[in-house]
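Asks: My questions will all concern the structure given below.
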Amino acid sequence: KLRNTVNHQTTGFLSARVIDDHYDLGNDLYTNMLESNMVYTCAYWKDAKNLEEAQINKLDLIARKLKLEPGMTVLDLGCGFGSLCKYFAEKYKVSCVGYTLAKEQVKYANSVLKDLPVEIRCEDYRNAAKTGEKFDRVVSVGFFEAIGVHNFRTYFEVVEKCMKDDGLSLLHTITARDQGIPKAGEFAEKHIFPGGMVPHPEDFQMYSEGLLVIEDIQNFGAYYTPTLQAWHDNFKTNWSKLEASYGQKKNGRFYRMWEWYLLWSAACFNSRVLMLYQVVQSKRGIAGGYESVR
């Protein structure tokens, strides 16, 4: 059972180990693997010719689903490198607050967000519920998988407390097709992404019950395969730039382990063992119904 093979006891929003072993490996790794916007989540390949276009498509899809308007306030839980906040602020003229505990991500985000109405807080995401601030929109992309099942309900409580009564939230997360997990997933959990927990589709309703109303769900997990393949191609192409810094990590096994992680993950999405869900929620339901976009 998936729930019994992973470590759910994350402290803060990520354990110190997953930050050290994954997100804080070094920004040079990610700048050589991702595209120019530093988006480390599934791209949206509809009408896209390359990774750059597909990631912009994804950022804009989220903005349109959230129905952003100039002057709105947005809370980004697990904001990563600040890519979503940057895009929202520049194109949709909103102000953003982002939370992450990964110091390398904060360093990068602060370097590219100058003069934009964006604040990145190097804090536990649960602190957002203690500030008394209310936001028009709450978004989380590629973060829910890292908090552990014991924090699923807490996550939705934070969203409900931080969102205005007429607000919208969007959750973008990997999901597992069923209760099982491929055996290789235990290797990934131990060596690549310690402390992770992939939810199942029913978890969105179960853990948000009484707090939020599901307005829309979209599964575009098939797009994660070309995303991961593009990351893999970039990683291989740019390894010569990385080898001096990463060649001796993991007892000299870093290259093989990271390549395995990217290709194994691509195979899981290609076989639909893993999927990618975007879930839009409101507090009490949208009057007249929510009209989604694709």
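The values are calculated or read from the model by the stated rules, or taken from the named source; none is laboratory data. Computed from a prediction, not measured in an experiment: that's the story for all the values here. As a convention, Cβ positions derive from the backbone with ideal geometry for all residues, glycine included, and neighbour counts pool all protein chains shown. Heavy atoms of the whole protein, side chains included, go into the accessibility calculation; ligands, DNA and RNA do not. Shrake-Rupley method; radii C 1.70, N 1.55, O 1.52, S 1.80 Å.
Asks: Quote the relative contact order of the chain in percent (integer), defining contacts as alpha-carbon pairs under 8 Å separated by 6+ residues.
Replies: Result for the chain is 23 percent.
Asks: Once a ≥ b ≥ c are taken as the square roots of the eigenvalues of the Cα gyration tensor of the range 27-111, is the result rounded (a/c under 1.5), prolate (a/b larger than b/c) or oblate (a/b not larger than b/c)?
Replies: Cα axes put the range 27-111 in the oblate bin.
Asks: Would you kindly enumerate the cysteines in the chain that have no other Cys beta-carbon under 4.7 Å from their beta-carbon?
Replies: Flagged as lacking a Cys partner: CYS42, CYS79, CYS122, CYS162, CYS268.
Asks: Summing Lys, Arg as +1 and Asp, Glu as -1, what charge do residues with Cβ under 13 Å from the Cβ of ALA48 carry, ALA48 excluded? Mind showing how you got there, number by number?
Replies: Numbers: positive: LYS46, LYS49, LYS58; negative: GLU35, ASP47, GLU52, GLU53, ASP60.
Value of the local net charge: -2.
Asks: Rounded to the nearest whole Å², what accessible area per residue is found for the range 175-294 with the 1.4 Å probe?
Replies: 48 Å²
Asks: Among PHE254, CYS122, GLN278, whose Cα lies farthest out toward the positive end of the dipole of the chain, if unit charges sit on the beta carbon of Lys, Arg (+1) and Asp, Glu (-1)?
Replies: Farthest along the dipole direction, towards plus: PHE254.
Asks: While we're looking at this one, here's another question. Quick check: with the 1.4 Å probe, what order do SER282, SER292 take by accessible area, largest first? The partial results should precede the final answer.
Replies: On the way: SER282 0, SER292 45 Å².
Largest accessible area first, the list is SER292, SER282.
Asks: Now a separate question. Find which of TYR155, HIS232, PHE204 sits farthest along the positive direction of the dipole of the chain, computed with +1 on the beta-carbon of Lys and Arg, -1 on that of Asp and Glu, about the Cα centre.
Replies: The one lying farthest along the dipole's positive direction is HIS232.
Asks: Report, in listed order, any pair from LYS58/LYS190; LYS67/LYS283; LYS46/LYS241; LYS46/LYS86; LYS91/LYS114 with a Cα-Cα distance greater than 27 Å.
Replies: Violating the 27 Å Cα-Cα cut-off are LYS58/LYS190; LYS46/LYS241.
Asks: May I pose another question? Arranged from highest to lowest average of other beta-carbon atoms within 10 Å per residue, in what order do the peptides 163-175, 97-109 appear?
Replies: Working: 163-175: 19.8, 97-109: 21.6.
Result, highest mean Cβ count within 10 Å first: 97-109, 163-175.
Asks: So what's the net charge close to MET72: Lys and Arg +1, Asp and Glu -1, counting the other residues with Cβ under 12 Å from its Cβ?
Replies: +2
Asks: Looking only at the range 35-69, which residues have a backbone nitrogen under 20 Å from a spot 7 Å from the Cα of GLU133 in the C-beta direction?
Replies: Answer for the range 35-69: 63, 66-69.
Asks: Convex hull volume of the Cα atoms in the chain, per residue, in Å³?
Replies: With only Cα atoms used, the chain gives 122 Å³ per residue.
Asks: R0 = 51 Å: FRET efficiency of ILE214 with ASN110, Cβ-based, nearest 0.05?
Replies: Rounded to the nearest 0.05, the efficiency is 0.90.
Asks: Here's something else I'd like to know. If you count the DSSP beta bridges with both ends in the chain, what percent of them are antiparallel, to the nearest 5?
Replies: In the chain, DSSP labels about 45 percent of beta bridges as antiparallel.
Asks: Separate question: To the nearest 20 debye, what charge dipole does the chain have about its Cα centre, counting +1 at the Cβ of each Lys and Arg and -1 at the Cβ of each Asp and Glu?
Replies: The calculation lands at about 340 debye.
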